[in-house]
Each structure stands twice: as structure tokens, then as C-alpha cells.
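Every number in this text was worked out from the coordinates using simple rules, so none of it is lab data. Predicted model, so just to flag it, every value in this text is computed and none were measured. Cβ sites come from the backbone with ideal geometry, for glycine too, and all protein chains shown count toward neighbours.
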Amino acid sequence: MQFGIGRRQFISALGGAATAWPLVARAQQPPVPVIGYLSPGTPEPDADLVAAFRTGLSETGYVESRNVAIEFRWAENESNRLPVLAADLVRQGVKVIVAISGPVAVIAAKVTTTVPIVFLVPEDPVRLGLVTSLSRPGGNMTGVNIFASELAAKRLELLRTMVPTATRVAALFNSAEPNIAATNLRAVEAAAGTMGLQLRVLNASTIADIDAAFATFANERPDALFISSGPFFTNRRVQLAQLAARYKVPAINLTRSYPEVGGLMSYGTDLLDAFHQVGIYTGNILKGAKPADLPVVQSTKFELVINLKTAKALGLEVPQSLLVAADEVIE
């Protein structure tokens with residue numbers, strides 16, 4: 001009876017065992033963490049901002065498709081979809097939720113008190129009820145305040161500087177984003193009173209509403225237009241720029257993406273920098289940091305962008321003070 005095995009059989013058996021070891025090692029690797037990214041808008045307009053988020057994330061060592069996955073949920077400007085999308089991310093077992101805009105952050109806070117949330121909001125998150133304090137958020141949320149609402153009065157001031165003869169200003173708000181609309185309106189009404197401007201308040205929460213609001217300009221002819229902050233108007237920037245050109249009304253918006261598509265001017269937070277910071281915070285939380293211990297970031301980089309070609313088309317001579325102050329002049 002032969003109890004041993006031949007040399008060839010031994011080498012074959014050894015080779016089989018060797019090829020099995022990596023499979024065992026792979027099976028023992030921890031699962032790739034998943035980030036839930038929830039936005040009220042659509043993917044295409046936010047492509048540069050998402051890229052900035054990915055860059056911040058990579059600086060903490062997390063690269064999509066390598067050691068982290070991102071589940072994107074876009075509400076397509078239909079705010080009623082947000083609660084369902086947020087709940088879906090929680091069911092998916094994501095490790096962090098990135099909440100873009102105040103309304104999204106408020107909804108995410110209602111859906112979960114345990115999954116960490118990194119928000120990007122347009123105003124004081126303490127006032128929104130998201131954190132207990134800026135330095136010590138205290139719960140499962142932290143993030144970045146981009147001061148969109150707080151800068152509303154400054155935008156109106158810059159618009160008046162661009163159009164110094166203006167006395168009647170139309171202001172466009174979105175009642176479907178009530179917190180944003182209310183804070184912008186308060187600031188603009190106060191500033192308009194100080195500057196002696198007559199303010200005509202208009203509401204638009206759909207594409208058709210925007211068309212209808214501009215149609216009133218055919219008869220009313222405002223001297224200038226203030227566009228409220230908010231994700232809806234950011235996503236509709238091309239429509240807004242085209243209508244402002246058609247009705248020949250100088251307008252100011254929050255983000256540089258507005259003058260980049262033909263709008264007159266913008267003033268607000270450097271959003272690329274803000275989304276970059278959101279990416280860093282998300283990566284830090286994946287590494288073990290607690291949202292309660294991460295202070296809310298207050299944006300400090302603001303930018304004034306002017307489209308000189310649009311100004312000329314509107315018959316405006318841009319004041320030297322604005323040209324000097326502008327971070328970018330598009331020609």
C-alpha cells in the first residue's frame with residue numbers, strides 16, 4: 001500500500017492551495033463604504049461642483065470606484081421627491097449622506113438621526129435647526145454655510161451700482177423654497193428701503209412661472225432684476241439669462257454660472273471651494289471623525305463675476321469700481 005504522493009502531484013496540490021489564498025484574502029476585505037449624495041437639482045448643471053467634491057474627498061484618501069462608492073440621488077427640481085430619495089439612501093445603508101441645500105438638509109435630518117450628514121446650506125444652520133452651535137454641532141450633522149441668504153443685500157447693492165439710475169427693481173423668489181425665499185426677501189426689502197428703491201416681488205417655482213414673471217416686464221419695465229438664491233434658480237440659469245436678454249433687464253444672481261451662460265453678473269460664495277470642503281468633511285467622517293466634533297465651516301471666499309459682453313448688449317457702462325472689484329470679467 002502506498003501512502004505518499006508523487007512529486008508532480010505534490011507540486012500540483014501546492015499550486016492549487018496557492019491560488020486559493022488570494023481569494024480568501026479578498027473575501028476578508030471590508031466592504032467599500034458608500035456615500036449617499038442627495039441634491040434637489042439635476043446632474044449636468046452641477047458637474048463642476050461634483051468634481052470639486054470628489055477632489056476634496058480624494059485628498060482624504062477616498063477615490064470613487066477604488067475604495068469608496070457614491071450613490072447619487074437627484075430630485076430633478078421636484079422637491080416632493082426628496083423625502084423618498086433620502087429614505088432610500090438610509091435603506092441602502094450609506095455611511096454618510098451629503099445634503100445639498102437647506103431644504104435637503106432639513107429633510108435628511110427628519111429621515112435619520114444616526115447616519116452622519118454633511119450639508120451645504122445657504123444660511124445659518126443653527127437658525128435652520130440643523131445644529132446646536134457652529135463650533136460644536138452636537139448631533140449627526142455638520143457641513144458648510146455658503147451665506148447665500150446673508151449676502152442678498154450685498155447683491156442688491158452691487159446691482160444698484162451697476163445701474164445707478166434704477167428706481168424700480170423686480171425681485172424673483174421661489175415660494176417652494178420657503179426658508180430661502182423668506183430670508184432673501186427680508187434682507188432685500190430692508191436694503192431696498194435704505195436705497196430708496198421700489199421693490200416689485202414676483203414668485204416663480206416652475207419653468208412656466210419664470211416665463212410668466214418675465215412676461216410682466218413687457219408692460220411694467222423694471223430697471224433691474226434681483227434673482228433670489230436657491231437651487232431651482234441655479235438650475236434654471238440659462239432660461240433666466242436668455243429671458244433677461246430678451247426683455248433687456250439687468251439682473252444679478254448668486255453663482256458665477258449665471259454670467260458664464262450669458263447673465264449680467266453674480267456675487268456669492270466660491271461654490272467650487274465650498275463643495276471641495278464638503279468632500280473633505282465627508283472623507284474625514286469615513287475615517288472616523290464625528291459630525292458633532294467638526295465645526296460648521298463658514299465660507300470666506302466670495303466672488304464678483306461680470307459679463308462685459310452682456311453689459312454692452314444692455315447698453316450699460318460698467319463702473320470702474322465694479323471692474324476693479326470683480327474677481328472675473330467675462331469678455
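Quick look at the numbers
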{"item": "Within segment 218-325, percent of DSSP bridges classed antiparallel, to nearest 5", "result": "55"}
{"item": "C-alpha center-to-center spacing [segment 56-108, segment 176-244] in angstrom", "result": "29"}
{"item": "Of the trypsin sites (Lys or Arg not before Pro) in segment 200-303, those whose Cβ has at most 14 other Cβ within 10 Å and which sit in DSSP loop", "result": "248, 287, 301"}
{"item": "Charge dipole (debye, nearest 20) of the chain; +1 at Cβ of Lys and Arg, -1 at Cβ of Asp and Glu", "result": "860"}
{"item": "Share, in percent, of DSSP beta bridges within the chain that are antiparallel, nearest 5", "result": "10"}
{"item": "Shape category assigned to segment 228-331 from the gyration tensor of Cα positions, a/c cut at 1.5", "result": "prolate"}
{"item": "Built amide H within the under 5 Å cut-off of residue 126, gap 5+", "result": "131"}
{"item": "Inverse of mean 1/r across different Cα pairs in segment 102-205, Kirkwood, Å", "result": "15.2"}
{"item": "Greater than 28 Å apart at Cα, pairs in 154/309; 110/290; 154/290", "result": "154/290"}
{"item": "Within a Gaussian network of the chain (alpha carbon springs, distance under 10 Å), most fluctuating of 106, 32, 188", "result": "32"}
{"item": "Computed Rg/Rh of the chain, alpha carbon atoms with Kirkwood Rh", "result": "1.17"}
